[in-house]
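Notes follow once the structure below has been shown.
The values are calculated or read from the model by the stated rules, or taken from the named source; none is laboratory data. Not measured: the values here are computed from a predicted model. So basically every Cβ, Gly included, is an ideal-geometry build from the backbone, and we count neighbours across all protein chains shown.
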Amino acid sequence: MDTEPREFEQAQLAIDSVLESAFLTANLVTTRPTMDTTVELVAAAVARASGCSWESFRNSQAGQAVMNATRDALTGALNDAAPTGILPAEDWTAEIAQVWQPAFTTDVVDQLVMRLADPLGDPVDRFARLARTALEHSGGDVAALDRTFWVEEFLAVLPRRLLSELRTASQRDQSVHGLVEHLLQQHKDAGADEQEPASPGEFRYDLIELVHNLEAWARAGQLPGYLPVGVDTAALSQAVRIRSRENGQLQLWAEIAAEHRRLVVLAAPGLGKSWLIRSETRRLCQDALTRLDGGDRGEAIVPVPLRCDQLARTPGQDLAEKASACLIAQGFLRDRSLEQMAAKIRGGKAVLLLDALDEVISAQDEQFRELLRRWAEQEGGRARCVITSQVAGYTGSPVTGACEVELQTFTADDVSAVIGAWNLPADTAAWLRSRVRDRAIAMMARIPLLLALMCSLSASPAGVDLTRIRGQFLDRMLRWFSTRMHRRPDDIGLSMPKLAGQEGRGVTEALIDLLADPRQSV
C-alpha cells in the first residue's frame, strides 16, 4: 500500500548500479573517497578565489567553518535532487556524494567558484557542462543516474546553497568573513543579488502552482456577473459541436482538438468562444496535474489562456516572453519562472489558448499576427494553439496550417441540460423548459449567452415573462450588455456606449431581426 519504500528501493538499486559503474571502472572498490575529499577541494578553491592560501587556513577555525559550510551546501543540494516524495537517508546522501566525487576535478571546482562570483555570466552553464562531462569520463552513467536523481537540479542548486552557507558562516565568524569577503563582493558587484531564475525544481513547483491557479480560474474565477454564485462551470460546459470550414463536417470539439494541433474557432457573439477557452483550460490543467502529480519534472503540456489584445500590448522580445509576462501580471506565475516558462512555450510544451483575435486594435494587428507567425514557424510541427475570433471581420489565420472551424448553436438536449445545471427551483426550471418549446424562444435559447441570460432573469426576484419577449427580456438584455455584465471583470476591451432614444430602439430592432433568424448567428 505504501509506495515510498518500493520507490526508495528502486532508487537505491539504480544508485548502486551507478556506483559500481563509476568506481569499479576507476579501480576504487576498496578505497572509495568520502564527501570530505570534495568538501576540501571546494573549500580550497574558495580560498584561492579570495587570494588566500588554503594551507594556511586548513586547520584554522575559519578553514573548518568554510569546510562545514561547504559540506552543508553539498548535502542540501544532494537532498534537493532526491526522487520526488522520498526523504533521503544519511546513507543515501553519502553514496550519491561518492558518485559525484570524481566529477569534482580542479577545473570543475574552479568553475563552481566562478559561478558564485558571477552567476549571471557564462560560468552558469560552463560549470554544469564540465561537471556532467567529468562524471561521464570517470565511468559514471549520467543517464542512468538521472532516472533516480535530478542531475540538473543538483547542478543548479549547489552554487546557490554554497553561496548561502558561506554568507551565513561569514556573518557568524569574522575570521570567515576575511576568507570569503572578496568572493562575496564579486557576487555583489556582478549585480547577482537580484532574484535568480528558478532552478528546475523551483520551476516544477511554480508550474504546479500555475496549473492549480489556472484550473481554479477556469472553474470559478472571474465569471460573468449573470452566472449564479457557486455554479458548477463543468456542468454548464455542454458537448461543443463545430463545423469544419474546409469540408462542412460536423464534429465534437474533443475529436477535432485531438486531431489538429492548431485551430481557429470562429463564431458570432454569444456562441461561447470565451467559454470554450475556459473549458479547454480546465481540461488541459487536469491532464497536466495528473502528470505532475506522477513525478513529471516539468515536461507536462500546460495551457496558456490569454486574450489576444492583452497579449499584443504586453512588452516582451517574442510571443513566448510576452505570454509568460502576462501570466505573471495576472498572478498565475511567479516572477522567477519567466525565463523557464518562455522556454517551455518556445519548446512546444504549452498550448496557447488565445481568445478574441478580432479585438486586437488595428494599429497592433499586423505586428501581433507576425509575432504569432514567427512563434509557429520557430516551433515547427510542435506549436499548439487555439485562437478564437468573431466571423465578422475575420481575414484569415495568423498561423499556417491551422484548421478553421465554426461553433454551432445548442441542440434542444443541450438547452435542457443547461437549464438543469443552473439549479433553478423545480417549478421555475419546469416553466422555463415549457417556454423554450415555443419556436421563437427556442431559436434564442440555442445561443448559449442568451440562454444563460434567460436562466439568470428567470432566477431573479422580479422574474421575466418570456411571452413578452420583445419587451421585457430584450430591454433587460440590452441593459446588461450596456453595463458589460456579460464580460469577465478583466476584459478591458472597448466599452459599449449607453443606449438611449432612437439609437436604443434601433439596436433593439436589430437584435429582434437577428434573433428572429438564428441562421444569422451560426
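Values computed for the structure shown
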read-out	value
Filtered residue count, region 319-368, keeping only those that are of a type in the set (Asp, Glu), out of contact with any helix residue (DSSP H, G or I) (no Cβ under 7 Å at 6 or more places or on another chain) and at pLDDT 95 or above	0
Unique match (being in contact with an Asp or Glu (Cβ under 9 Å, 6 or more places away or on another chain) and either touching a residue at least 12 places away in the same chain (Cβ under 8 Å) or part of a loop (DSSP other than H, G, I, E, B) (or both)) among VAL418, VAL386	VAL386
Qualifying residue in region 206-214 (condition: modelled with pLDDT of 80 or more and surrounded by fewer than 17 Cβ atoms within 10 Å (Cβ to Cβ))	yes
Yes/no for GLU370 being surrounded by fewer than 20 Cβ atoms within 10 Å (Cβ to Cβ), part of a helix (DSSP H, G or I), under 17 Å from the mean Cα position of the chain (by Cα) and not hydrophobic (A, V, I, L, M, F, W, C)	no
Those residues of region 59-73 which are under 17 Å from VAL109 (Cα atoms) and in contact with a Leu (Cβ under 7 Å, 6 or more places away or on another chain), in sequence order	VAL66, ALA69, THR70, ALA73
Enumeration of residues in region 250-303 that are in a loop (DSSP other than H, G, I, E, B) and more than 23 Å from VAL415 (Cβ to Cβ)	HIS260, ARG261, GLY294, GLY295, ASP296, ARG297, GLY298, GLU299, ALA300, ILE301
Scan of region 63-96 for residues that are in a helix (DSSP H, G or I), modelled with pLDDT under 90 and surrounded by fewer than 22 Cβ atoms within 10 Å (Cβ to Cβ), ordered by number	GLU90, ASP91, TRP92, THR93, ALA94, GLU95
Tabulated pairs, region 273-297, first buried (at least 16 other Cβ atoms within 10 Å of the Cβ), second among the basic types (Lys, Arg), C-beta under 7 angstrom, 6+ apart or interchain	ARG282/ARG219; ARG297/ARG204
Pair list, Cβ under 8 Å, 6 or more apart: region 155-172 residue touching a residue at least 40 places away in the same chain (Cβ under 8 Å), other residue crowded, with 22+ Cβ neighbours inside 10 Å and of a type in the set (Phe, Trp, Tyr)	PRO159/PHE127
Candidate set from region 185-205 (those that are exposed (fewer than 14 other Cβ atoms within 10 Å of the Cβ) and part of a helix (DSSP H, G or I)); member that is modelled with the highest pLDDT	GLN185
Residue match in region 342-351 (condition: part of a strand (DSSP E or B) and touching a Pro at 6+ places or on another chain (Cβ under 8 Å))	yes
Number of the exception - ALA44 against (1) surrounded by 13 or more Cβ atoms within 10 Å (Cβ to Cβ); (2) part of a helix (DSSP H, G or I); (3) modelled with pLDDT under 85	(3)
Matching residues in region 288-299 - criterion: being at pLDDT below 95 and either closer than 21 Å to ILE387 by Cβ or in contact with a Leu (Cβ under 8 Å, 6 or more places away or on another chain) (or both)	LEU292, GLY298
Some residue of region 135-146 being within 21 Å of GLU55 (Cβ to Cβ), in contact (Cβ under 8 Å) with a residue 12 or more places away in the chain and assigned to a helix (DSSP H, G or I)	no
